[in-house]
Amino acid sequence: MPHDHDHHHDNELDPMAARVRALETILADKGLIDPAAVDAIIDTYENKVGPRNGARVVARAWDDPAYASRLAENATAAIAEIGFGGRQGEHMQAVFNTQDTHNLVVCTLCSCYPWSVLGLPPVWYKAPPYRSRAVIDPRGVLEEFGLALPASTRIRVWDSTAELRYLVVPMRPAGTAGWGEQRLAALVTRDAMIGTGQPLQPEQA
Ligand code: FE
């Protein structure tokens, strides 16, 4: 019987979630993993590390031209200035959107993603259709994300690897003169830092 609910019954897990749960149960039963440690790692990347980190980097770049220069020169070091780094963020490059050029990030091979500034990747980022089509038809992919760019805007696609990961620095929204870093950071969305979206406008914040 169909019924409304906002939770999943165990028998409704999708195949991948069911497989993960089975593996975790067996590994825990054998004493090979500590479920509390697994929970702590997941909590770290879901709640402590995440797009809010990247939003702080972008907001500072918007607010401080000297910082933006350092970010362009050596993103890994500039991001570390704010205290972010570590796994999956060891080698970073910041790519700056301009009136003429829009940057889009993908990992065509697998799902390389800058965990230190964006947290865990969204499901679509790991999906074969995004990974293949982002390079074949980036403009079409962006339109499906609701981002229609002028025909004159060049789209530059960056293919992440395990060695080098990218952070898109979107253009600062108009109407934010005099805004401080914290207020600016609230405009920076995850998708704007992947390149599949734009930052919020002041009236949307
Ligand atoms: Fe990858």
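Step by step: first the residues of the stretch 65-93, then only those that are touching a residue at least 60 places away in the same chain (Cβ under 8 Å) and assigned to a loop (DSSP other than H, G, I, E, B), then the one that is least open to solvent (accessible area, probe 1.4 Å). Which residue is that?
Start the filter on the stretch 65-93 by keeping residues that are touching a residue at least 60 places away in the same chain (Cβ under 8 Å), which leaves 68, 71, 75, 79, 88-89, 91-93.
So of that shortlist, the ones also assigned to a loop (DSSP other than H, G, I, E, B) come out as 88-89, 91.
Values: 88: 45, 89: 5, 91: 110 Å².
Residue satisfying both the conditions and the ranking: 89.
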*asked:* If I filter the stretch 102-111 for residues that are at pLDDT below 95, assigned by TED's automatic domain parsing to the domain that holds residue 151 and surrounded by 14 or more Cβ atoms within 10 Å (Cβ to Cβ), do I get at least one hit?
replied: yes
Looking across the stretch 162-172 at residues that are of a type outside the set (A, V, I, L, M, F, W, C) and in a strand (DSSP E or B), the single one that is farthest from the ligand (Cβ to nearest atom) is 166
Has the stretch 117-136 got at least one residue that is assigned by TED's automatic domain parsing to the domain that holds residue 56, over 14 Å from the mean Cα position of the chain (by Cα), of a type outside the set (Lys, Arg) and within 26 Å of residue 82 (Cα to Cα)?
-> no
Being within 16 Å of the ligand (Cβ to nearest atom) and within 27 Å of residue 150 (Cα to Cα) narrows 93, 88 down to just 93
The residue that is surrounded by the fewest Cβ atoms within 10 Å (Cβ to Cβ), considering only those in the stretch 152-161 that are within 14 Å of the ligand (Cβ to nearest atom) and outside any strand (DSSP E or B), is 161
In the stretch 94-151, residues that are closer than 12 Å to residue 194 by Cα and assigned to a strand (DSSP E or B) total 8
The number of residues in the stretch 75-90 that are modelled with pLDDT of 95 or more and within 15 Å of the chain's Cα centre (by Cα) is 1
Residue pairs within 6 Å by beta carbon, gap of at least six or interchain, first lying in the stretch 30-47 and more than 17 Å from residue 88 (Cβ to Cβ), second of a type outside the set (Phe, Trp, Tyr), listed first then second, are 33/27; 35/28
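The values are calculated or read from the model by the stated rules, or taken from the named source; none is laboratory data. Note that the structure is a prediction, hence the values are computed from the model and not measured. Cβ atoms come from the backbone with ideal geometry, glycine included; neighbour counts cover every protein chain shown. Ligands, DNA and RNA are stripped out before the accessible areas are found, and what is left, the full protein with its side chains, is counted by its heavy atoms. Shrake-Rupley method; radii C 1.70, N 1.55, O 1.52, S 1.80 Å.
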